[in-house]
Structure formats: C-alpha cells, structure tokens
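Trainee: Just passing along the structure, written as structure tokens.
The values are calculated or read from the model by the stated rules, or taken from the named source; none is laboratory data. The structure presented is a predicted model; accordingly, all values stated were derived computationally and were not measured. To get the accessible areas, we keep the full protein, side chains included, count just its heavy atoms, and leave off ligands, DNA and RNA. Shrake-Rupley method; radii C 1.70, N 1.55, O 1.52, S 1.80 Å.
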Amino acid sequence: MKKQIIIIALFLVGISFFNDVKAQNSTTSQVENAIKKNGKYALLVQNSKHFMVSVMTGEEYKVKSPKIQFEIVLIGDVVKDLAENPELKPFIEKAQKTGVKIVVCEFAMEKLGIKKSQYHSSILTTPNGFTYLFGLQESGFKTITL
C-alpha cells in the first residue's frame, strides 16, 4: 500500500513538472479595447484633480468613438473650484468641445454659495448629484466614484 501511495505521489509531482503552466495573459491594451464603441460611462467626482483627469479620460473615449456617452457628475469642493479656479477653464472648454457632459449638484452649490451664473454655459445642474448618478446607473451607465 505504501508503494502505491509513493508511486501516485511521484506521478502527480512528475505531471506538474512536465505540463506547461499558463497564466492569464491579457495585456492592458486588450482590457482598454474592451470599451464599447457606444458605451455609457459616468464618474462622480469630488475634487479638482480628479475632475481634470476625468475630462481627459472622457476626451480619450470620445475620440475613439463619438457614440460613447460620457458624463462627469460633480459634488463637494470641486463645485466651488469649478466656478472660481481659472485653471479648470481649459478643461471645461475641452469637455464642451468633445461632448463630455458636466453636471453639477445644486445641493453642493447651495452649501458652498455658488450660483449657476458663475459657471460656463455648457455646464448642467441637477438638484442632487447622488440621485442623478443613481438615475444614470438605472439607465445603463457604468459608473465610478472618485
């Protein structure tokens, strides 16, 4: 009986040495190419740096396929920065030019003392950023919160 166990154990060890082990072999470009040409994507953003990167990402997506819907929903401090920080103006213009939709939470605007008139005319508002994001999810958008 001991001989049989030793033979089976050696057989199993031997098989592991002679079989090729194959790891998952997908590259990042394969994953990035999985983005749908008519996909729906939205980001919930709370700070200026994430806003800038979100606009650049949206621009990249829209260049690949104009049919992609890309929205950036703003809550928190970025709502004030968007109205007052001149460094964000080129990103707002880039979003408008490429068709990336920017939506600002009116609740945050009220809390931070910002009026709609302080924003670029292309910027939309919604009463509640979270509710708007949930609506996007229900409409089939893939969403990320930053």
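Trainee: How much of the accessible area of the range 43-125, in percent, comes from carbon and sulfur atoms when a 1.4 Å probe is used?
Mentor: Result for the range 43-125: 52 percent of the exposed heavy-atom area is carbon or sulfur.
Trainee: In the structure displayed, which of Lys67/Lys116; Lys115/Lys142; Lys40/Lys111; Lys64/Lys101 lie more than 26 Å apart, Cα to Cα?
Mentor: Lys67/Lys116; Lys115/Lys142; Lys40/Lys111
Trainee: For Ile72, Ile144, give the ranking by accessible area with the largest first, probe 1.4 Å.
Mentor: Sorted descending by solvent-accessible area, the residues read Ile144, Ile72.
Trainee: Compute the Cα gyration tensor for the range 44-145, then decide on rounded, prolate or oblate, letting a ≥ b ≥ c be the square roots of its eigenvalues: rounded whenever a/c is under 1.5, prolate when a/b is larger than b/c in the other cases, and oblate in all that remain.
Mentor: oblate
Trainee: Separate question: From the protein chains alone at 1.4 Å, what is the descending order of accessible area for Val104, Val63, largest first?
Mentor: Val63, Val104
Trainee: Under the 0.36 nm per residue contour assumption, what length would be gained going from the current alpha-carbon distance of Met56 and Leu112 to full extension?
Mentor: Value of the extension gain: 17.6 nm.
Trainee: Still on this structure, I have one more. For Thr131 and Thr143, calculate 0.36 nm times their separation in residues minus their Cα-Cα distance, and state this gained length in nm to one decimal.
Mentor: Here the segment from Thr131 to Thr143 would lengthen by 3.0 nm.
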